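Presented below is the structure to which this report refers.
The values are calculated or read from the model by the stated rules, or taken from the named source; none is laboratory data. As the structure is a computational prediction, the values presented were derived from the model and not from experiment. Counting neighbours? That spans all protein chains shown, and the Cβs are built from the backbone with ideal geometry, glycine included. These accessible areas exclude ligands, DNA and RNA; they are computed on the full protein's heavy atoms, side chains included. Shrake-Rupley method; radii C 1.70, N 1.55, O 1.52, S 1.80 Å.
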Amino acid sequence: MSKLAIHGGPKIRSKPFPKHPIIGEDEKKQVMEVLDSGNISTFIASPGENFLGGKKIKEFEEKFSKKIGTKYGIAFNSASSALHAAIVAVGVQPGEEVIVPPYTFTSTATSSLMHNAIPVFCDVKKDIYCLDPVKLKDVLSPLSKAVVPVHLFGHACDMDDIMSFARKNNLRVIEDCAQSPGGEYKNKPLGTIGDCGIFSFQESKNMMTGEGGMLLTNDEEIANIARMVRNHGEMILESSKKRTYKSEFLGWGYRMTELEAALGVSQVSKLDYFNEQRIKLASYLANEINKIHGLHHTKYDFVKHVYYQFGFSYDEGKIGISRNVFCDALRAEGIPCSDGYVKPLYLNPLYLEKRAFAYKHYHGNVKYEKGICPVAESLYENEVILIPVCRPPATIGDMSDIVNAIHKIIENKSELTN
Ligand SMILES: Cc1ncc(COP(=O)(O)O)c(C=O)c1O
């Protein structure tokens, strides 16, 4: 009789993993305060006090920017909106190029297209899956204006090398910290190293507001432009009492509500605790997984990894079955996992067929085709496995089910064929 669950054997785990996110009494109290006040947004798109939002928005912006360590925090209704605003605020012009990794969430790149700028993909590193600074020179062009390092899954990019390349070549740096709030590179908080950093508070993230995002910066000009992009391109300062639009440039309805900000006020005070729990669970997994010939998790010593997801590398040659067959078997044992994360972005029709308006007014030589970022392609096709449930309120007991399932599959791999 078969031992593996994929062929009808007993599962290692039949109950679901504990539910995330954790919503406590404090979140409820904060949200009730907003509901009782009767002011759910408070933002208006014209000059005056309310241009910058209401009480909870201001409190959340102050608390989060203080927590990470920047002068300014500008809340948005998503990290994608914050990224779009960042592209505008650092001075990228339509037709210019922005260097991004292809192994990331879609909006790391589409935020440039939204401003009619062109994403140019630079390959990532095989061990930490983040932008490879050595390859930046291969994609630099006279049109390059900015670079967006993504601290993927919570692990920092090589920021010293990226910053020195950027400064030498006059590139602005937007750190995509959607997956890494509270993470650090050589004791520096992520989001404080480049010209600005953007964060996501979408429900699955380390801290969350349902949907939401924030742009952090020490640069007053970036902060002011971001505030205008957030609020329909209107001017912040205008003495006239008459409501009249003073549109200086294209802006959008990217405002966060007081309800989401209220959740953020509560969650920011728990960020350290949430991250500590993630690190504790991930350290256990890393230690166990690194004992297995053919599996490996990498974390650099000088990085504080905050484990939005727990990722590890799979070597088919050593294990003897393909990564995808292994992941099918793991899921059958009751362990959620993702084989490969996302297809490198440039392999999607949006890029292959240059479907965005931006390309009609572009005079550069960007190329999107299979083979341009071989490391990202191989990570996606054969190497990376992600465990999304390495997060509180899960326990070490829950993590040991993952390890037991991995051992069970390897011990019984003769039941599997590629
Ligand atoms: C790397 C990265 N950047 C940007 C985003 C966009 O975040 P949001 O969903 O808040 O727009 C995400 C979301 O998962 C992400 O993972």
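Things worth noting here:
- Residue within the stretch 278-286 that is over 23 Å from ILE198 (Cβ atoms) and buried (at least 24 other Cβ atoms within 10 Å of the Cβ) present: yes
- Residues of the stretch 157-183 that are farther than 15 Å from VAL92 by Cβ and open to solvent by 30 Å² or more (accessible area, probe 1.4 Å): ASP160, ASP161, SER164, PHE165, ARG167, LYS168.
- Residues (closer than 12 Å to TYR103 by Cβ and within 16 Å of the ligand (Cβ to nearest atom)) located in the stretch 131-148: LEU131
- Where a residue in the stretch 286-310 is on the phi > 0 side of the Ramachandran plot and in contact (Cβ under 8 Å) with a residue 12 or more places away in the chain and its partner, wherever it lies, is outside any loop (DSSP other than H, G, I, E, B) and within 16 Å of the ligand (Cβ to nearest atom), with Cβ under 8 Å and at least six apart: TYR307/PHE153; TYR307/GLY154; TYR307/ARG278
- Of all residues in the stretch 102-118, those satisfying the criterion of being within 13 Å of the ligand (Cβ to nearest atom) and either among the basic types (Lys, Arg) or surrounded by fewer than 24 Cβ atoms within 10 Å (Cβ to Cβ) (or both) are PHE105, THR106, SER107, THR110, MET114.
- Subset of the stretch 363-411 (residues that are under 20 Å from the mean Cα position of the chain (by Cα) and among the aromatic types (Phe, Trp, Tyr)): TYR380
- Scanning the stretch 351-377 for residues that are closer than 30 Å to SER322 by Cα, free of Cβ contacts under 8 Å to residues at least 60 places away in the same chain and either open to solvent by 30 Å² or more (accessible area, probe 1.4 Å) or touching a strand residue (DSSP E or B) at 6+ places or on another chain (Cβ under 7 Å) (or both) gives LEU352, GLU369, LYS370, GLY371.
- Residue match in the stretch 158-174 (condition: within 12 Å of the ligand (Cβ to nearest atom) and either free of Cβ contacts under 8 Å to residues at least 40 places away in the same chain or assigned to a loop (DSSP other than H, G, I, E, B) (or both)): no
- Only one entry of ALA89, ALA75, ALA79 meets the criterion of being farther than 27 Å from VAL31 by Cα and crowded, with 21+ Cβ neighbours inside 10 Å, and that entry is ALA89.
- Candidate set: the stretch 201-217, residues that are open to solvent by 10 Å² or more (accessible area, probe 1.4 Å) and touching a strand residue (DSSP E or B) at 6+ places or on another chain (Cβ under 7 Å); chosen: the one farthest from the ligand (Cβ to nearest atom): GLU203
- Annotation note: of GLU234, GLU276, the sole residue that is among the acidic types (Asp, Glu) and modelled with pLDDT under 95 is GLU234.
- Looking at PHE76, PHE51, just one residue is of a type in the set (A, V, I, L, M, F, W, C) and within 30 Å of VAL150 (Cα to Cα), and that residue is PHE76.
- Residue check for ASP301: assigned to a loop (DSSP other than H, G, I, E, B), open to solvent by 10 Å² or more (accessible area, probe 1.4 Å) and farther than 19 Å from THR395 by Cα: yes
- Verdict on ASN50 being polar (S, T, N, Q) and within 12 Å of the ligand (Cβ to nearest atom): no
- Look at the stretch 12-41: where a residue is β-branched (Val, Ile, Thr) and a partner is open to solvent by 40 Å² or more (accessible area, probe 1.4 Å), sitting 6+ places away or on another chain with Cβ atoms under 6 Å, you get ILE12/ASN404; ILE22/PRO393; VAL31/LEU259; VAL34/LEU259; ILE40/THR257.
- Number of residues in the stretch 71-103 that are polar (S, T, N, Q), assigned to a loop (DSSP other than H, G, I, E, B) and touching a Phe, Trp or Tyr at 6+ places or on another chain (Cβ under 9 Å) equals 2.
- Among the residues making up the stretch 187-235, those that are small (Gly, Ala, Ser), outside any loop (DSSP other than H, G, I, E, B) and either closer than 19 Å to LYS71 by Cα or outside the structural domain of GLY73 (by TED's automatic domain parsing) (or both) are GLY197, SER200, GLY213, ALA223, ALA226.
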